[in-house]
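As structure tokens, the structure follows; a few thoughts come after it.
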Amino acid sequence: MNSSRTSRLVWLFGALCFLVSVPRGAPAQSLPKVIIAYSAVSPIFAGLWMAKEIGAFEKHGLKADLVYISSGSVTVQAMVGGNLDMSIAASNAVVSSILHGAPLIAVGSITNRPAMSLFVQPEITKPEQLQGKVLAITRHGSSTHFLTLFVLEKFGLQDKVKIQPMGGTREVDAAIRAGMVDGAVRSMKPGPKTRVLVDLPDLGIPFSMDLIAVKRDFYKNSPKTVENMLRAYIEGVAALKTKKDLAYKVIAKYMLGGGDGLDEAYEYAVKYLDREARVDPAVIQTVLKWENKSELPASDFYDNAIGDRIVKEGFVERLYR
């Protein structure tokens, strides 16, 4: 056998061994991994869940793990002290942490209005009847805490209502259904007998339910990764709004529920989630005013550069064609 033919046989054998050793469907190289935290089991995070389930992160070159950490304040603490790459958490918790020196920056907002209502027990029909009552929140520093305080201030009920932290959204709902508390600020009806006392969007509060935040050094050193995470999230919101049947399945999976509640959850998410996920400066000012820091520029707390570029190039528009 001549050397040329021998060389070809050796090459073919080596190639065959390589093909056998590589699993079918294996990527040429593993995708970089990112960890994203969200702070409540609520349909307000359905855009993120959809992004994960439709493979939007992989489409944009990332492998994403989603982590649920109950309450925005705890999520932000984990972001600062842990290995999270992005967090979607209460805007007041994000802004407050930055005020206290946390090296974070908001690169997006999932909705720029308070997508919640104050639900109360059926016997309460007027705000003044809340005096001496107990309202549940998830945790101190959460969006439910901030908005509860805001509502009480609007009605002159500061220090006249007891605020009871329960730990998480499921615990809040359970407390209301058991009659342990008189009401709570919630995104969805927490019990069959409860009624809406105040729709928070009607109060005209510029408020971001949750800001999309990253560490400043990560934003500086890995802007493309941050951009790809934001693109994937925006694509998830588009899928939520354009693929209703799939959206129902995804919401049911993450909220561990079904039935009539799915209709309410889906309609809520479609109503409130913003297509472009950009930060409105007014929502930062709302929190700064509450923190008695109105003199600080909102621009110190967010950067819409990536979001603006994504919108300008027509990415968002194409998702809805």
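Key figures
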read-out: Solvent-accessible surface ranking, highest first, for SER299, SER109 at 1.4 angstrom; value: SER299, SER109
read-out: SER30 - accessible surface, heavy atoms, 1.4 Å probe, Å² rounded to 10; value: 100 Å²
read-out: Carbon/sulfur fraction of accessible area - segment 101-153, other protein chains in place, 1.4 Å, %; value: 52 percent
read-out: Cut-off 10 Å between beta-carbons: net charge of the residues surrounding ARG195, Lys and Arg +1, Asp and Glu -1; value: +1
read-out: Area accessible to solvent at VAL311, 1.4 Å probe radius, in Å²; value: 50 Å²
read-out: Counting DSSP beta bridges with both ends in the chain, the antiparallel % (nearest 5); value: 50 percent
read-out: Spherically averaged projected area of segment 74-215 from its Cα convex hull (nm²); value: 8.4 nm²
read-out: Most to least accessible of ARG231, ARG275, ARG177 (protein chains only, probe 1.4 Å); value: ARG177, ARG275, ARG231
read-out: Sulfur and carbon atoms: percent of accessible area, segment 252-321 [1.4 Å]; value: 47 percent
read-out: Over the chain, relative contact order from alpha-carbon pairs under 8 Å, at least 6 apart, %; value: 26 percent
read-out: Heavy-atom surface of the chain, accessible at 1.4 Å and reported per residue (Å²); value: 47 Å²
read-out: Contour excess over end-to-end distance, with Cα ends at LYS160 and ASN292 and 0.36 nm allotted per residue; value: 45.3 nm
read-out: Rounded to 10°, Cα long-axis angle of helix 281-290 versus longest principal axis of the chain; value: 50 degrees
read-out: Relative contact order (percent, whole number), segment 40-187, Cα cutoff 8 Å, 6+ residue spacing; value: 27 percent
read-out: Segment 91-183, dipole about Cα centre (Lys/Arg Cβ +1, Asp/Glu Cβ -1), debye to the nearest 20; value: 80 debye
read-out: Quotient of C-alpha Rg and 2.2 N^0.38 Å, computed over segment 86-127; value: 1.71
read-out: When the chain is reduced to its Cα atoms, the Kirkwood hydrodynamic radius in Å; value: 21.2 Å
read-out: Sum of -39500 (n - 2.57) over DSSP H runs of 4+, divided by residues of the chain (222 nm, nearest 500); value: -13500 deg cm²/dmol
read-out: Contact order relative to length of segment 102-249, as percent, for alpha carbon pairs under 8 angstrom and 6 or more apart; value: 39 percent
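The values are calculated or read from the model by the stated rules, or taken from the named source; none is laboratory data. All of these numbers come straight from a predicted model, not from anything done at the bench. Methodologically, a virtual Cβ is constructed for each residue, glycine included, from the backbone with ideal geometry; neighbour enumeration extends over all protein chains shown. Surface accessibility is based on the protein's heavy atoms, side chains included, excluding ligands, DNA and RNA. Shrake-Rupley method; radii C 1.70, N 1.55, O 1.52, S 1.80 Å.
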